[in-house]
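Report on one structure; see the data block that follows.
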Amino acid sequence: MPIRVLPNELVDQIAAGEVIERPASVVKELVENSLDSGARRIEIDVERGGVGLIRVRDDGRGIVADELPVAISRHATSKIASLDDLESVATLGFRGEALPSIGSVSRLRIASHPADAEHGAEISVDGGTVIPVRPAAHPHGTTVEVRDLFFNVPARRKFVRSDSTEFGHIARLVERLALSRFDVTFRLAHGSAGLRNGPRLVFDAPAVPEGAETARFGEVLGKEFATRAVAVNHSAGPVNVSGWIGLPTAARAQPDQQFWFVNNRNVRDRLLMNAVRLAYRDVLYGGRHAAYVLYLTLDPKLVDVNAHPQKLEVRFRDSRQIHDFVFRALERVLADTKPNVAAMPAADTSSVLGGASGGGGRISGTLPLYEPARYEPSRSPWAVADTVREPPPLFPPRPVAPDQESAGEVPQAPGSSEHHPLGTALAQLHGIYILAQNRDGLILVDMHAAHERVLYERLKAQHTADGTPASQHLLEPIVVELKGHEVDVIVENRAEWERAGFDLDALGPTRLGLRRYPALLAGENIAAIVKAVVRDLELDADPHHLDSAADKFLGTLACRTAIHAHRRLTVPEMNALLRQMETTERANQCNHGRPTWTRLTMPELDQLFLRGR
Ligand SMILES: Nc1ncnc2c1ncn2[C@@H]1O[C@H](COP(=O)(O)OP(=O)(O)OP(=O)(O)O)[C@@H](O)[C@H]1O
Ligand SMILES: [Mg+2]
């Protein structure tokens with residue numbers, strides 16, 4: 001074949017192949033055009049999964065009659081005029097290819113009436129053949145109708161799935177678009193006027209004022225999300241990240257509730273997704289996925305939006321910096337998921353035990369913005385361990401009711417339940433839970449899970465604080481008897497052990513001498529802990545365990561050191577644990593992302609007993 005220039009129609013169809021993959025792609029392009037035109041209300045009607053009809057109506061700026069033929073021609077756009085403009089695009093569209101692409105693979109009709117024009121006008125394209133402009137009655141705004149999608153491209157038609165599948169794609173897309181602009185009303189209906197029941201309104205999201213976004217979240221992410229999420233808002237120079245991230249304890253089996261918006265454009269960005277994953281790594285149960293809706297706002301010059309045929313990916317000028325910025329901002333918010341007086345919610349009677357959420361994140365009504373001032377880096381973690389002595393109390397008894405050794409009477413330190421989010425300990429339940437009371441009601445704590453987190457955070461802090469971890473020196477080494485291969489494993493991984501504050505040496509093929517151990521473990525049965533940790537590490541035991549903990553070694557050490565079930569605690573010990581939880585970052589969830597505590601407020605208890613107040 002000789003080399004030839006392709007006819008325009010074919011060029012458009014080729015371009016359409018990239019942009020218009022399925023009916024949902026048409027909806028995306030049309031709604032983005034409406035948003036770019038300043039619309040505040042967008043109505044979408046779909047028939048037969050979008051193959052029959054897609055109609056998008058808006059109340060935006062409109063297109064003047066003379067420009068209608070231009071709008072549907074190739075590379076025609078009102079959004080950029082120069083390379084400079086391209087480098088700082090603030091609109092969703094900019095290529096001038098959506099309408100001609102759609103027109104080349106469907107029957108397209110555009111009717112529009114700009115606010116300052118006397119009349120409306122319309123234009124049609126039938127699989128590439130243009131039917132000229134003529135006057136049309138139309139309210140202010142624009143309507144674009146796309147019928148018989150892919151009628152002239154059988155190859156593409158074959159890839160279209162059932163009506164309900166295609167409509168599902170459209171519905172999810174509209175939900176994402178609705179999360180991008182809370183100030184715009186979105187309505188989506190499916191069905192045909194000819195059917196007995198007519199079209200069905202599937203999604204109805206009226207514009208919501210700032211601060212009331214939870215109303216729309218309910219529509220998209222389920223009502224639960226708003227009550228189990230923390231608000232984020234963090235800026236550094238020209239970059240801001242804001243939105244809501246789900247509490248670790250509200251993580252999901254699928255990554256189906258993860259939304260990123262860059263300058264209000266929904267994107268699927270690896271870099272951003274990875275930054276979130278990293279921020280959650282220490283609080284998420286292995287294999288679980290966080291839920292979040294996040295908005296990155298930055299100078300358009302710092303991001304290239306012209307990097308993907310459907311504009312689903314972006315490229316950052318300084319990706320490293322953006323990654324770190326997002327990671328730090330979220331990590332900080334997640335570190336603050338600990339029992340917290342400031343964030344203690346008002347009593348909530350709507351549900352009894354509705355989701356085991358910690359005070360730090362239980363939020364009702366409008367979500368308060370994250371308060372960066374509350375964040376404090378961990379203080380010297382071994383200050384506590386220094387005071388530990390034999391017989392091994394788990395925690396230094398506090399001056400609060402030091403003589404209360406039984407769980408019988410409740411130590412009521414004056415004002416203590418007022419000041420402590422987790423209140424004062426009452427008793428231990430079946431050797432597993434601590435019962436406590438605070439000013440709102442009953443607190444239940446999973447003591448092993450909570451203690452494990454406290455230890456883990458301290459171990460991490462001790463080894464990052466200043467290189468050399470606080471260690472207890474022994475004049476006489478402790479001798480640990482192990483199997484030969486276990487000794488080898490330890491010697492091979494000596495660096496890990498030393499980093500944690502151990503000093504170990506093989507004394508023989510099955511004997512290990514221990515000269516130093518982390519001060520945090522003072523008073524514990526060190527030999528037993530060492531044995532258990534070796535076994536766990538060697539077997540890579542328990543795959544559900546510590547999967548996501550950032551530091552596997554310290555995580556294992558924390559788990560093996562933490563109090564185990566059926567260990568009887570005194571009331572002061574229980575109180576000490578409660579106080580430690582309150583000052584430990586991420587303490588609302590254990591190292592596997594499960595909640596460490598929950599509560600029953602007095603109104604909830606009253607409800608259980610049908611007791612009027
Ligand atoms: N709903 C609308 N309201 C007002 N103007 C519109 C609307 N839809 C399209 N236009 C006008 O038609 C032009 C062409 O639209 P088209 O979607 O083809 O290109 P684009 O949005 O500029 O770029 P892209 O191809 O990246 O979407 C737009 O630049 C805009 O001026
Ligand atoms: Mg467009």
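No value in this document is a laboratory result; all are computed from the given coordinates. These figures come from a predicted structure and were not determined experimentally. No Cβ is skipped: glycine too gets one built from the backbone with ideal geometry, and neighbour counts run over all protein chains shown.
Brief remarks follow.
- Farthest toward positive dipole pole in the range 152-258 [+1 Lys/Arg, -1 Asp/Glu at C-beta], among ILE170, ALA250, ALA236: ILE170
- Residue pairs exceeding 29 angstrom between C-alpha atoms, taken from LYS460/LYS531; LYS28/LYS158; LYS223/LYS301; LYS301/LYS552; LYS338/LYS552; LYS311/LYS338: LYS223/LYS301; LYS301/LYS552; LYS311/LYS338.
- Qualifying GluC sites (Glu not before Pro) for the range 158-239 [loop in DSSP, other Cβ within 10 Å: at most 13]: GLU210
- Taking amide H as placed 1.01 Å from N in the peptide plane, the amide H of THR185 sits under 5 Å from that of ARG41, ILE42, ALA207, each at least 5 places away or on another chain.
- For the range 59-204, the relative contact order is 19 percent, taking Cα pairs closer than 8 Å that sit 6 or more residues apart in sequence and dividing their mean separation by the residue count.
- Relative to the Cα centre, the charge distribution of the range 174-232, modelled as +1 at Lys and Arg Cβ and -1 at Asp and Glu Cβ, gives a dipole magnitude of about 260 debye.
- The trypsin sites (Lys or Arg not before Pro) found in the range 195-272 that occupy coil by DSSP, while having at most 11 further C-beta atoms within 10 Å, are ARG196.
- Mean separation of Cα contacts under 8 Å (6+ apart) over length of the range 487-534, as relative contact order %: 30
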